[in-house]
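A.B. asks: Structure below; questions to follow.
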Amino acid sequence: MKAVIKLQLILIGVCSAGKPSCDGRQNGAQCFGVLGGAVDVQLVDNVSEIPRFLWNTNNSVILYWRYNKVVLKKDGRIPFFPSNGSVTINDLRRTDSGEYKLEMFDGNGKITGRKTLQLFVIAAVSSVQLVPECLSQGQMKVSFVSQGDSPQYSWALDGHTLTDSELFSRNTETNIIVLRRNISGHLVCSVRNPVSNSSEEMNIAVCEVKTSCDGRQNGAQCFGVLGGVVDVQLMDNVSEIPRFLWKMNNSRILYWRYNVLLKKDDRIPFFPSNGSVRISDLRRTDSGEYKLEMFDGNGKNTGWKTLQLFVIAAVSSVQLVPECLSQGQMKVSCVSQGDSPQYSWALDGHNLTDSELFSRNTETNIIVLRKNISGHLVCSVRNPVSNSSEEMNIAVCEVKTSCDGRQNGAQCFGVLGGVVDVQLMDNVSEITKFKWNTNKSVILYWRYNKVVLKKDDRIPFFPSNGSVRINNLRRTDSGEYKLEMFDGDGKNTGWKTLQLFVIAAVSSVQLVPECLSQGHMKVSCVSQGDSPQYSWALDGHTLTDSELFSRNTETNIIVLRRNISGHLVCSVKNPVSNSSEEMNIAVCVKTSCDGRQNGAQCFGVLGGVVDVQLMDNVSEIPRFLWKMNNSRILYWKNNKVVSPKDDRIPFFPSDGSVRINDLRRTDSGEYKLEMFDGNGKNTGWKTLQLFVIAPVSSVQLVTECLSQGQMKVSCVSQGDSPQYSWALDGHTLTDSELFSRNTETNIIVLRQNISGHLVCSVKNPVSNSSEGMNLTYCVMDQSGSMT
């Protein structure tokens, strides 16, 4: 099987400026800063010309200058530089956005003028990913995935702006476009906002998504690409079969009799010349069991065969997202869309080893590498119909904090095993002699422009900028440090102290869910480190009393009430680090499966439990072996379990069933039960197929008015193998209401002037969810713009 989607990732180009600056000398200036970054604001030309000034926001004074010195400074993040009349705001937060006012006074306190500026703190656009998808009619939908505030998009193909003859969707200022059939070339999408820009490019080819399947073997398993085509070989020679019936779920698809064909669906032609059938425009509803029943000339049944078809979305292009953790490890996420993805990783051409991995599992989309690991990293993603990969060079993460020790009584934090830079003074040439010590033990002695004494090679001094660095921080480095300064005659001219706290950073986080007996879910947030502080969120909001059975969200363990589901995030922080982990949680669900029938299909919820009935009475089977992919799970002999492989999988002899707890994606696969008599002779076998899938999450509806007055509605939900359906005012959407004809996708486009109560329902084999909203149609003003 081979899905031909020729999509080659060429380049990720991320352009972001350095520290922005702003001229606040002009009244009414507009300034922009990057969330988490810094901004320099020029307040005045010459501070000596202004005896006094106040700089405030929201009637709260930030800075008060009087008689050539700062009298009041509210926030240590905001130093003032008299030498050039500027201020720097570090570690920008969204709450820093707003109007700032500079009020100036003469020596008598009389106001001489005022100026305002508006500061907007916005998130920069992030690194991006282009996600292509072949649609059922041969068009290509391309989504541009990027984070950040106020993004503006533009697209180009082979160096020119996209034209109407190339676009099926007419708008190129959104993050999603649909290209017409047979369009190929070099596609570029650019995104920008006032503080940053980024772009992504790829070569796109005409969509050709076709798989094939040999249905001549009974019980065959076939795979097709959502929106694509599958060719199924039913027989070798149609002339040898006078009559046959091909059906799905007892619904007739094809009937062949005396060389005449009756067929149900124009999407499914039959080719007598080679005995094959083709299913075009594959839909999720095409998944299921198909049965071929054969008859002789008199209509007598001569045999039958079944095949199982799975229609799944191909994996998309891959994006690698690295993140340095607080203890120097590197977390790398492998981001890809598609059904049933399987992941594998390699570093410098070899599989990752335990000495390189902090997390032991390489079959997930997130790994954590140990400290000091670098090289060429590759993540590969595949499923039965497609594959994709991405690679990047990774460098060692450096864990370094900094501290301003120029203020007396400063509090500083360093990471255990890391590095801290401490700013002791502005200009070392102004201080003839100084001693820096802790616990009355001298660490550093400076005299006449050179270091006279240095106690520890871990602690170099940098005269060029008046700072000291402590490497390989230890817990014993915690304590009070004192800087004593002297003039040329050795007379003490002052001193300053700072307190250093060396603490272990919080580690990467693991979320461990557990279903309790009453249907509640206990979730543990596991992380190592000193002084951790915990916070939790569900679907973007802080957990409420109606969701929590336990009332405290500041601990590492919570208990959720029954029937609570959604996207759960646990965040852990301390003064030197932070980390978080997220997962989709479903209502505590236990599924069951009858494995007594050969070829049974079973479904389990990712993270949940499945009970599998293997037999009616274990006493009737002296010995049996239950295995997956030729790996033994359970061996029963002489009325006892001889070799259980996994504590997650207990066997219950009383009813002949087995339970798999804490279901993982790697539990998906074919299971085989082999039975033996008392002498060890094989008496038969049965197989079952288990599919472990993530449940669909709660649904969100997102509306957008298009340029011609249509309304695009997106149905956003997480989970595996989702199937979508839509209804308006209680009825299925009709062609007169739909601009796009397909209601089995998560995005529809409604015609102009359509309104009413819209419901999107999402389901998969283990779960379902829906959301409704009242729609009012899009209105265009007299100029033709949307309102």
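A.B. asks: Just from the alpha-carbon atoms, what are the Rg and Dmax of the chain in angstroms?
C.D. replies: 33.5, 122
A.B. asks: Tell me the relative contact order for the stretch 33-126 as a rounded percent, counting alpha carbon contacts under 8 Å between residues six or more apart.
C.D. replies: Taking the mean separation of contacting Cα pairs over the length of the stretch 33-126, I get 35 percent.
A.B. asks: For the pair N108 and S60, how long in nm is the line joining their label points, each one 7 Å along Cα→Cβ?
C.D. replies: According to this spin-label approximation, the distance is 3.5 nm.
A.B. asks: Please turn the phi angles of the stretch 367-381 into ³J(HN,Hα) values with the Karplus equation 6.51 cos²θ - 1.76 cosθ + 1.60 (θ = phi - 60°), one per residue in order, whole Hz, x for glycine and proline.
C.D. replies: In residue order, the calculated couplings are 10, 10, 8, 5, 4, 6, 9, 9, x, 9, 9, 10, 10, 10, 10 Hz.
A.B. asks: Quick check on the stretch 212-370: what are the equivalent-ellipsoid semi-axes from the Cα gyration tensor, as sqrt(5λ), descending, whole Å?
C.D. replies: Each semi-axis is √(5λ); the values are 48, 15, 12 Å.
A.B. asks: Let me ask something additional. When only alpha-carbon atoms are used, what values of Rg and Dmax, in angstrom, describe the stretch 68-218?
C.D. replies: Cα-based Rg and Dmax for the stretch 68-218 come out at 26.2, 100 Å.
A.B. asks: Distance in nm between label sites at N408 and E173, each 7 Å beyond Cα in the beta-carbon direction?
C.D. replies: 5.9
A.B. asks: Given a cut-off of 31 Å, name the pairs among K522/K686; K110/K491; K400/K435; K590/K681; K210/K264 whose C-alpha atoms lie farther apart than that in the structure shown.
C.D. replies: From K522/K686; K110/K491; K400/K435; K590/K681; K210/K264, over 31 Å: K522/K686; K110/K491; K590/K681.
A.B. asks: Determine which aspartates and glutamates satisfy two conditions relative to K247: a Cα distance under 14 Å, and not lying fewer than 8 residues away in the same chain.
C.D. replies: Excluding near neighbours in sequence, the set is D265, D286, E289, E293.
A.B. asks: Using alpha-carbon positions, what is the distance between the centroids of the stretch 328-395 and the stretch 93-116, in Å?
C.D. replies: 52
A.B. asks: Still on this structure, I have one more. Given the protein chains as shown and a 1.4 Å probe, how many square angstrom of V559 are accessible, to the nearest 10?
C.D. replies: Looks like 20 Å² after rounding.
A.B. asks: What base-10 log of the normalised intensity I(q)/I(0) is obtained for the stretch 350-420 from the Debye formula, alpha carbons as equal point scatterers, at q = 0.11, 0.18, 0.24, 0.25 Å⁻¹?
C.D. replies: -0.47, -0.83, -1.14, -1.19
A.B. asks: Also, quick follow-up: Per residue, how much accessible surface does the chain expose to a 1.4 Å probe? Answer in Å², no decimals.
C.D. replies: On a per-residue basis, the chain sits at 50 Å².
A.B. asks: Next question, about the same structure. What is the extension gain from K455 to D164, computed as 0.36 nm multiplied by their sequence separation minus the C-alpha to C-alpha distance, in nm to one decimal?
C.D. replies: 97.5 nm
A.B. asks: Show me 506-513, 189-196 ranked by packing, highest mean number of other Cβ atoms within 10 Å first.
C.D. replies: Answer by packing, highest mean first, reads 189-196, 506-513.
A.B. asks: Long-range amide H contacts for L634: which residues qualify at under 5 Å (H placed 1.01 Å from N, peptide plane, sequence gap of 5 or more or a different chain)?
C.D. replies: W626
A.B. asks: How much length is gained on full extension from S150 to D616, taking 0.36 nm per residue of separation minus their Cα-Cα distance?
C.D. replies: Working it through step by step, the gained length comes to 161.6 nm.
A.B. asks: Next question, about the same structure. Report the one residue of I366, S333, L307 whose Cα lies farthest in the direction of the positive end of the charge dipole of the stretch 301-382 (charges on C-beta: Lys and Arg +1, Asp and Glu -1; origin at the Cα centre).
C.D. replies: Going by the charge dipole, the pick is L307.
The values are calculated or read from the model by the stated rules, or taken from the named source; none is laboratory data. These numbers come from a predicted model, not from an experiment. Every residue, glycine among them, receives a Cβ derived from its backbone with ideal geometry; neighbour counts consider all protein chains shown. Just so you know, the surface numbers come from the protein's heavy atoms only, side chains and all, with ligands and any DNA or RNA stripped out. Shrake-Rupley method; radii C 1.70, N 1.55, O 1.52, S 1.80 Å.
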